[in-house]
Amino acid sequence: MYRISEELAEWGRKRIEGFPVEGFVYGEGPSKPVFMMVGEAPGETEVYSEIPFTGRAGKELMASLESVGLTREDVYITSAVRSRPYRWGTKKERNGEVVERKYNRPPTKKEIIAHAPILDAEIRDIQPPLIVTLGNVGLQRLTGPKSKVTELHGTLLETPVLYWDDEHKKYRETDRHYYVFPTFHPASVFYNPSVREWLKEDWSRLGRLIGKK
């Protein structure tokens, strides 16, 4: 099993201090995975379990893995940001009481930069044979802001990936080319049910790809 160093984790926690985020969830999986999956950020469930993709989206993701004959133990699961980004909102309870609570939200560019060295280290150390990005955040973190999952999903890309140059405060491309397979974030089916068919097709293609490898 692979796990980033405690020193890097602590540096990541310090870099994201002051942002509206909570918790810290480590990436999880073997040092030689079938592929690496890069999501967006932990949600409320993941912050409490400290395990990536254990909420509703996690169940969808496990079903997709099962569809290609894999389990959580076969892949390395990580994300662009390791802490849960949240916003405050209100919810009306059944008794009519209005309560304030935290809701998940997408991470900001600055939050992604704060934890960029963590993902960079994971990719550098594991050297995954294939990277599966889940949603736009993971895809754009690795291939740039012009990439869109709606245009690239289900396509095998051979490309450098971006890493954060902290000294010069900008992203740079790796010398090595990686295989990147973009698909939708598993939570997208909750908000747009029509995505489910695309997601199934993507995972079917992914299953054929890893079969060939």
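Where in region 1-101 are there GluC sites (Glu not before Pro) that are in a DSSP coil and have at most 15 other Cβ atoms within 10 angstrom of their Cβ? Counting only loop positions with at most 15 other Cβ atoms within 10 Å, the GluC sites (Glu not before Pro) in region 1-101 are 17, 50, 93, 97. Take the Cβ atoms of residue 155 and residue 101, set R0 to 41 Å, and the FRET efficiency comes out at 0.60. Listed from fewest to most Cβ neighbours within 10 Å, the set 67, 83 follows the order 67, 83.
Of the beta bridges DSSP finds with both residues in region 97-213, what % are antiparallel, to the nearest 5?
Numbers: 7 of 11 bridges.
Here the antiparallel bridges make up roughly 65 percent for region 97-213.
Neighbouring Cβ atoms within 10 Å as the yardstick, rank 53, 19, 190, 35 fewest first. Mind showing how you got there, number by number?
Numbers: 53 27, 19 16, 190 13, 35 20.
Least to most surrounded, the residues fall as 190, 19, 35, 53.
Give me the percent of DSSP beta bridges within the chain that run antiparallel, rounded to the nearest 5.
Details: 17 of 28 bridges.
Once the DSSP bridges in the chain are tallied, antiparallel ones form about 60 percent.
Each value in this text was obtained by applying a stated rule to the coordinates, not by laboratory testing. What you see is a predicted model; the values in this text were computed from it and never measured. Glycine gets a Cβ as well: all are built from the backbone with ideal geometry, and neighbour counts include every protein chain shown.
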